[in-house]
Amino acid sequence: MTTVIAIDGPAGSGKSSVSKQAARELGFGYLDTGAAYRALAWWSKSTGSEPDDLATRLDDFDYSISTNPDDFWVHVGSDDVTEAIRESAISEAVSDVARIPEVRTFMKQLTRGIIAAENRPGIVVEGRDITTVVAPDAQVRLLLTADEAVRIKRRSAELSVASQQITKQVTDRDASDLKVVDFITPAVGVELIDSTELDLPQTVQAVLSAVSRQLAI
């Protein structure tokens, strides 16, 4: 059976970088679930669709993603959208897509299918509702967080965007998504890891230590 490590957290908490490196060190696959929402927002824009119309078009969304932490890519049909989905216009549009109930249900099933198809011994899955909705029975469940000011600074450096713009993106996205799922407070059985005072290697080690503890139970 594939070992599932579920990691949730707010924007800028370091989920992607930490999860990818942890997957490398464990020899596991890596799944960025937020990429699917971003890809759907990109698809909506590229086809001229309004977000509210997506509920009736989800069967046409031809999505694929690599779970290899050393060769990450995202495709929509024949288009490689790995870089395009990180553009600021997509970051600003993704909450309008993620709030739609039919989209969240679709994404839950999509993510579960990708997890089930993983051929490595395990997979690190990161997002906002993995520990509570997508994979509540995961063998390891973690909530990675950090102070808002630190998260904004990290995201600004990652995207090379002015901090004022990043501040709005982070706070607006968190506020919007919190209406749908709580990714700030750890659910019962979910271990909290605060990376405010930690650098990347230290945070990765904290995650690996938590994985060792939880898998030993």
- request: Might you check whether a residue that is hydroxyl-bearing (Ser, Thr, Tyr), modelled with pLDDT of 90 or more, over 24 Å from Asn68 (Cβ atoms) and surrounded by 19 or more Cβ atoms within 10 Å (Cβ to Cβ) occurs anywhere in segment 145-156?
  value: yes
query: Residue check, Gly34 against (1) surrounded by 17 or more Cβ atoms within 10 Å (Cβ to Cβ); (2) closer than 21 Å to Thr203 by Cβ; (3) in contact with a helix residue (DSSP H, G or I) (Cβ under 7 Å, 6 or more places away or on another chain), all met but one. Which one?
result: (3)
message: Among the residues of segment 159-170, are any surrounded by 14 or more Cβ atoms within 10 Å (Cβ to Cβ) and at pLDDT 65 or above?
response: no
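What helices (runs of 4 or more DSSP H) lie completely within segment 1-98 and have 3 or more residues being more than 15 Å from the chain's Cα centre (by Cα) and under 26 Å from Arg120 (Cα atoms)? Spell out the reasoning first.
Values: elements: 15-26, 34-46, 88-98.
Those helices (runs of 4 or more DSSP H) span 15-26.
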message: Quick check on segment 99-119: of everything there that is closer than 24 Å to Gly27 by Cα and surrounded by fewer than 17 Cβ atoms within 10 Å (Cβ to Cβ), which residue is nearest to the chain's Cα centre (by Cα)?
response: Arg112
statement: Those residues of segment 12-33 that are within 19 Å of Val134 (Cα to Cα) and at pLDDT below 95 come to a total of 2
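Go through segment 99-138 and report how many residues are farther than 18 Å from Gly12 by Cβ, in a helix (DSSP H, G or I) and touching a residue at least 60 places away in the same chain (Cβ under 8 Å).
Within segment 99-138, the subset farther than 18 Å from Gly12 by Cβ is 99-125, 131-138.
Add one more test, that the residue is in a helix (DSSP H, G or I), and what stays is 101-117, 131-134.
Going one step further and asking which of them are touching a residue at least 60 places away in the same chain (Cβ under 8 Å), we end up with 103-104, 107, 110-111, 114-116, 131-132, 134.
Going through segment 99-138 one residue at a time, the tally reaches 11.
Taking the residues in segment 40-76 that are hydroxyl-bearing (Ser, Thr, Tyr) and either more than 15 Å from Thr105 (Cα to Cα) or at pLDDT 95 or above (or both) as candidates, determine which candidate is surrounded by the most Cβ atoms within 10 Å (Cβ to Cβ). Walk me through how you get there before you give the answer.
Narrowing segment 40-76 to residues hydroxyl-bearing (Ser, Thr, Tyr): 44, 46-47, 49, 56, 63-64, 66-67.
Now narrow it down to the ones that are either more than 15 Å from Thr105 (Cα to Cα) or at pLDDT 95 or above (or both): 44, 46-47, 49, 63-64, 66-67.
Working: Ser44: 23, Ser46: 13, Thr47: 13, Ser49: 15, Tyr63: 18, Ser64: 12, Ser66: 17, Thr67: 21.
Among those residues, the one meeting the criterion is Ser44.
The values are calculated or read from the model by the stated rules, or taken from the named source; none is laboratory data. If you're wondering where the values come from, they're calculated on a predicted model, not measured in any experiment. Ideal geometry is used to build each Cβ from the backbone, glycine not excepted, and the neighbour counts take in all protein chains shown.
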